[in-house]
Amino acid sequence: MESADVVMEDKHGAGKHGHVHRVLSRKSPFADADAYQPGQETIGYLHDGCRVLVIGAGGLGCEILKDLSLSGFSDIHVIDMDTIDVTNLNRQFLFRQDDVGKAKADVAAAFINRRKGHLGVKVTAHVGKIQDRDESFYRGFNMIIAGLDNIPARRWMNATLHNMVDRSSGEPDPSTIIPLIDGGTEGFKGQARVIVPTMTSCFDCSLESFPPQVNFPLCTIAETPRLPEHCIEYAFVVLWDKNFPGRKLNADSPADMKWVYEQAVERAEAFGISGVTYQLTLGVVKRIIPAIASTNALISACLVGEALKVATYCGPILNNYLMYMGQTGVYAHTFVYEKKDDCMVCGGGELTLRRPRASTLGELLNHLGALPSFQLSRPSISSGSGVVFIQNPAVLRKQHEYKLGMSLGELAAAEPPVFREGEALVVTDPAVPSKLTLKIFFDP
């Protein structure tokens, strides 16, 4: 069978997107009568005026790109930093064997352009991290659909869009609000949500609902491994540093992953453990949860359906969180995630703590990192007097490390004081581009 992709031609002329045109040419009892204007103007905006950015070109991203191209969207952009691995081919259907090693965004965009270019679709690829793009890049889109596979990237995108809203007049400027339609899958489970900055709850409002990442105890993987995952984790965490000190493992490098796999197989054989495979090695190192194509397809349909409603007002927008649970059947549940008043991104972003005067600055930083509501990774603190503690760059961190063992009482009583009790301190963290206001009071 020929493996070459077919370049489609426009043989039906006006028939293309006829199903979408029928919907957008009729009034709807479900749509907001003041906002929805059926007819050519709305259709024209969908085809020619609406610019959509898709973040991620993996299993979910491939589905999103396909659905967008079939739903009337023409100006589509996709950004992804990853390259194609052979293990992607079973579900990321825009890729072929010859594409292994190439950038996902480039290949996905080229595939859709070949297959759907006759519909007027143009997909533009951007290779790189979302964090490397500035606000001007994101301001060029009318909406953003995220098919990401990790929480830190979601948090960054969520906070960036909220920070882009102009509040100079005292009220949010609607023209600066860019909706974020976020989706994710995990085996037979999936979720879709619509985040409208300043109007709905944001991603950080629901941080506490995410389970903590599973890590294996070091004593277990080093002394009493019982599972193939234990052998892989040992090769990844212990053996890699012993054999390659100072060099970080590249989980996207076939050579690095082959080395980890071979070491894990050797250790598994020594302990009589079976089941170590290359695909499982990738899953453990990258913390990958096995993906199921049908779940990706279902969640993508939800996301693109919401995108169509956001772009045209043809129906009520999801309010605001949908959960799909397919482990024992086909079940979806929709509910409203309420805004959190103390959310670091969309709320007041204020935290008041009572701490013992004798507790140290290091203990305070550890406490901030352990709070499930904020999930800070490396918090830095500043006061009106200057830096309390800074994590990066390393040169500046070294200048302030002496404070880590000092008590909060000593820091407040210093001359001049590093900070004052009850003062509004500013906490920043690389995990999120927003700021947290912290006030510390001492226990009596």
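Among the residues of the stretch 320-369 satisfying the criterion of being over 16 Å from Arg155 (Cβ atoms) and of a type in the set (Phe, Trp, Tyr), which is most open to solvent (accessible area, probe 1.4 Å)?
Among those residues, the one meeting the criterion is Tyr331.
Of the residues that sit in the stretch 54-113 and are acidic (Asp, Glu) and assigned to a strand (DSSP E or B), which one is nearest to Val284 (Cα to Cα)?
Ranking the candidates gives Asp80 first.
When the residues of the stretch 287-318 are narrowed to those that are part of a loop (DSSP other than H, G, I, E, B) and more than 20 Å from the chain's Cα centre (by Cα), which ends up surrounded by the most Cβ atoms within 10 Å (Cβ to Cβ)? Spell out the reasoning first.
Our first condition is that a residue be part of a loop (DSSP other than H, G, I, E, B); within the stretch 287-318, this holds for 287-292, 313-318.
Narrowing the set further to residues that are more than 20 Å from the chain's Cα centre (by Cα) leaves 313-317.
Numbers: Tyr313: 20, Cys314: 23, Gly315: 18, Pro316: 11, Ile317: 15.
Out of the qualifying residues, it is Cys314.
Here is a yes/no grid of residues against (1) open to solvent by less than 30 Å² (accessible area, probe 1.4 Å); (2) under 26 Å from Thr83 (Cα atoms); (3) modelled with pLDDT of 90 or more:
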position: Phe203; (1), (2), (3): yes, no, yes
position: Ala222; (1), (2), (3): no, no, no
position: Val237; (1), (2), (3): no, yes, no
position: Asn250; (1), (2), (3): no, yes, no
position: Ala268; (1), (2), (3): yes, no, yes
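Do we have any residue at all in the stretch 54-65 that's touching a helix residue (DSSP H, G or I) at 6+ places or on another chain (Cβ under 6 Å), surrounded by fewer than 18 Cβ atoms within 10 Å (Cβ to Cβ) and touching a residue at least 60 places away in the same chain (Cβ under 8 Å)?
No, there is no match, as no residue in the stretch 54-65 is touching a helix residue (DSSP H, G or I) at 6+ places or on another chain (Cβ under 6 Å), surrounded by fewer than 18 Cβ atoms within 10 Å (Cβ to Cβ) and touching a residue at least 60 places away in the same chain (Cβ under 8 Å).
Give the residue, chosen from Pro356, Pro254, that is farther than 24 Å from Ile151 by Cβ, in contact with a strand residue (DSSP E or B) (Cβ under 9 Å, 6 or more places away or on another chain) and of a type outside the set (Gly, Ala, Ser).
Pro356
Just checking, which of Gly56, Gly61, Gly44 is at negative phi, modelled with pLDDT of 90 or more and in contact with an Asp or Glu (Cβ under 8 Å, 6 or more places away or on another chain)? Step through it out loud before you land on a result.
Numbers: Gly56 fails: at negative phi; Gly44 fails: in contact with an Asp or Glu (Cβ under 8 Å, 6 or more places away or on another chain).
After ruling out the rest, the residue left standing is Gly61.
Could you give me the residue pairs with C-beta distances under 8 Å whose first residue belongs to the stretch 15-44 and is closer than 19 Å to Phe73 by Cβ, whose second residue is of a type in the set (D, E, K, R) and open to solvent by less than 90 Å² (accessible area, probe 1.4 Å) wherever it lies, and which are 6+ apart or on separate chains?
Pairs that qualify, where the first residue is closer than 19 Å to Phe73 by Cβ and the partner is of a type in the set (D, E, K, R) and open to solvent by less than 90 Å² (accessible area, probe 1.4 Å), are Lys16/Asp10.
From the list Leu70, Leu24, exactly one residue is of a type in the set (A, V, I, L, M, F, W, C), at pLDDT below 95, within 27 Å of Pro316 (Cα to Cα) and touching a Pro at 6+ places or on another chain (Cβ under 7 Å). Which is it?
Leu24
Considering only residues that are under 20 Å from Gln92 (Cα atoms), among the hydrophobic types (A, V, I, L, M, F, W, C) and over 11 Å from the mean Cα position of the chain (by Cα), look in the stretch 122-168 and name the one that is most open to solvent (accessible area, probe 1.4 Å).
Among those residues, the one meeting the criterion is Val127.
Looking only at residues that are under 20 Å from Arg355 (Cα atoms) and among the basic types (Lys, Arg) in the stretch 375-414, which one is modelled with the highest pLDDT?
Lys403
The values are calculated or read from the model by the stated rules, or taken from the named source; none is laboratory data. Computed from a prediction, not measured in an experiment: that's the story for all the values here. Because the Cβ atoms are built from the backbone with ideal geometry, glycine has one as well, and the counts that use them run over all protein chains shown. Ligands, DNA and RNA are stripped out before the accessible areas are found, and what is left, the full protein with its side chains, is counted by its heavy atoms. Shrake-Rupley method; radii C 1.70, N 1.55, O 1.52, S 1.80 Å.
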